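Here's the structure we're looking at; comments come further down.
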Amino acid sequence: MADAQAGPRSAYPPPRPPEALGRARGALGALRAYGLIVAMWVRSTMAYRASFLMTTFGNFAASGLDFAAVMIMFSHIDRLGGFTLPEIALLYGATSTSLGLADLVLGNMDRVGQRVRDGTFDTLLVRPVPVLVQVAADRFALRRVGRVSQGLLVLCWGAVGAGVAWTPAKALFAAVMVIAGAAIFAAVFIGGAAFQFWSADAAEVQSSFTYGGSTMLQYPPAVFARELVRGVTFVVPLAFVNWIPALRLLGRDDPLGLPGWVDFCGPAVALAMLLGAGLLWRVGLRNYRSTGS
Amino acid sequence: MSEEGFIELDGVEKVFDVRRKAGFLRRERHRVRAVDGIGFRVARGEMVGYIGPNGAGKSTTIKMLTGILTPSAGRLRVAGVDPSRERTRLAHRIGVVFGQRTTLWWDLPLRDSYGLVRRMYRVPEARYRSNLERCVELLDLGDLLDVPVRQLSLGQRMRGDIAAALLHDPEVLYLDEPTIGLDVVSKAKVRGFLREVNAERGTTVLLTTHDLTDIEQLCERVMVIDHGRLVHDGGLDALHTAGESERTLVVDLARALPPIEGVPGARTVKVEGPRQWLAFATGQSAAPIVAAVAERYPLVDLSVREPDIEDVIARMYAGGKGL
């Protein structure tokens, strides 16, 4: 409205780029938009600095309590399901870091249901940025770094104490394991968010898969019934997060007797799950836009 | 795309499947036609009021025009683009203000929300600066830019929201209840601003409202929707004629008296102690009626009430006076 004689609307708004280039640019644009929104949330959080420091510490301490429980258990026994304390620390640390990363990057996706109910979801749909990106960045909480750093600490302690003969290849394997695990958790988060287009209560179901699933993964598989382990491996491929790869890292046999190459499937499973979750999200969004409820 | 058909709707429908609990596991399904075959055209630069009772289909129409919802049937184009198919691309060209849902950042200064709009919409720096300057001047936002949004009053926040929707130079502006809950001063500022933007920039404006004054002061054309159908499309005067609307003169007399009689053009519709309500036609001036009452009755105080849009539409619909 500033300059009425600005002439033709030249390059603004931007014209549609060709397909392939458009896709690449779209992905970059999505990342940029994610960064923009995250920066806004971080600044919002800093409006309450003291509260931020306290909740970050609280997050760090609360996720550590789980591990404290395991340590107390070990003050009475030497081994749990044949695993030593550092070995469990490795398992626990890897899962905790994976979950922490996924939680940090898109931990508030369960707000989709609430946004749908109070109608604020519509305001996301009129912006020139993918809705998934906006939802992922929604209420980004820097305090969640607490869980990640606590997980990393335990992981490092376990890695040193578990008697693994570390080589660069093994270190890379561990890093990939943690990142693939984070991607798998992320896929579950996205899938859970997608379900909320149908059922507003799906946030509860999703939590039982992620937070519940995470508690289970922090204990060695042999503690749980074989059937349950089988279910977790095949129904929710969360086991790829750390059980299967960590068993290789620790040089142990897998209680299910799966072939050796399965240990390396983490990234592929993560990718497949992300694709599936993305598809589910699209279907969910389309359903929302045709029903509006 | 022609300039006359900047916004085009042809036989647009939106049908919702509603499931209701009818037993332990049984769900009753029934279809609700929220929008039932609407067609209209809005030219570039027009300012149109879109009104109707709650649940008439106003918001559903706006949501289809912005691409939030996909129509069940019919053809819909905004600036030659199908909104539901190219929602993200169209977003650069439209501005939306949802009256009761702010898009501003609660804990951050107003300025920060605008900065995000600039980056998200990739508005060139120079254009952003001049647009912001103009908005600040017309909406009187100067002192508010560095105040966290949570500390703003409702009227200030609404002004802030309207500015946010215009920083990227949209060609169309949709406003859903932009003056709801605002005080008189804020309402006047918002209306003045919208007039200015429309005149200066040629921005097409479509607004829904419950406040007839918004329409009177802003729109030459008004569309009325009821039960998902367009029941009126034309000038405001025509709407009053079609709706046989009436203004109301409320008088406070010195004491309780029998209903006022013998005032030409007005009839007493309600008496409550010393207060009486007289209805008269919208086209008529209140002055002679006030004079006639004051001449024969002990008049203490008075006020004139404009017809309520809801009443006008309700009467219009009950009378079966479509289009």
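The values are calculated or read from the model by the stated rules, or taken from the named source; none is laboratory data. For clarity, every value in this text was computed on a predicted model and none was experimentally measured. Cβ placement follows ideal geometry from the backbone for every residue including glycine, while neighbour counts extend to all protein chains displayed.
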Run A:Val126 past the list (1) within 25 Å of the chain's Cα centre (by Cα); (2) buried (at least 22 other Cβ atoms within 10 Å of the Cβ) and report the number of the one that doesn't hold. (1)
Please find, among B:Arg87, B:Arg150, B:Arg118, B:Arg122, the residue that is out of contact with any Leu (no Cβ under 6 Å at 6 or more places or on another chain) and at pLDDT 95 or above. B:Arg118
Residue hits (the stretch B:80-93; within 7 Å of another protein chain (Cβ to nearest Cβ), crowded, with 20+ Cβ neighbours inside 10 Å and outside any loop (DSSP other than H, G, I, E, B)) are B:Arg87
Of the residues in the stretch B:105-116, those that are facing another protein chain (nearest Cβ under 9 Å), touching a residue at least 24 places away in the same chain (Cβ under 8 Å) and more than 11 Å from B:Val147 (Cβ to Cβ) come to B:Trp105, B:Trp106, B:Asp107, B:Ser113
Residues being closer than 25 Å to A:Gln150 by Cα and among the acidic types (Asp, Glu): count how many of those fall in the stretch A:92-121. 2
Could you say which residue among B:Glu125, B:Glu171, B:Glu177, B:Glu196 is facing another protein chain (nearest Cβ under 9 Å) and farther than 24 Å from B:Val81 by Cα? B:Glu196
Could you grab me the full set of residues in the stretch B:266-323 that are assigned to a strand (DSSP E or B) and either within 24 Å of B:Arg221 (Cβ to Cβ) or at pLDDT below 75 (or both)? B:Ala281
